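Okay, so here's the structure we're looking at.
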Amino acid sequence: MFTVQTRDGDLRLAADDLWATRRRSTAAHNDDAGLTRVRGGVYVGVLRPALPPHDVMRPRGCVERADTDRVTAVVLR
């Protein structure tokens, strides 16, 4: 679960782009990786099958460090 903020542009597009690049940051097979808008700029990304605990750190870290293309993300959970 993370928030997305952008200085200009579409929040949904920014979240989709962020999630598309970050979900591929792990070596695990994750073709089923949905992204759902909960409210406002809050999104929930789901990877199936579930990642082992150690592999969860990589996409989480990638989202936490995201501050590119005028987009900022904060991991909530």
- Message: If you fit an axis through the alpha-carbon atoms of helix 11-22 and take the longest principal axis of the Cα set of the chain, what angle between them do you get, 0 to 90°, nearest 10?
- Response: 30
- Task: On the protein heavy atoms, probe 1.4 angstrom, tell me the percent of accessible surface of the chain carried by carbon and sulfur.
- Result: 51
- Message: Over the chain, what is the relative contact order in percent, taking alpha-carbon pairs closer than 8 angstrom and at least six residues apart?
- Response: 43
- Calculate, in nm to one decimal, what R39 and D10 gain on full extension: separation in residues at 0.36 nm each, minus their alpha carbon distance. 9.0 nm
- Helix 53-64 sits off the longest principal axis of the Cα atoms of the chain, rounded to the nearest 10 on a 0 to 90 degree scale, by 20
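The values are calculated or read from the model by the stated rules, or taken from the named source; none is laboratory data. Predicted, not measured: the structure shown is a model, and the values here were computed from it. These accessible areas exclude ligands, DNA and RNA; they are computed on the full protein's heavy atoms, side chains included. Shrake-Rupley method; radii C 1.70, N 1.55, O 1.52, S 1.80 Å.
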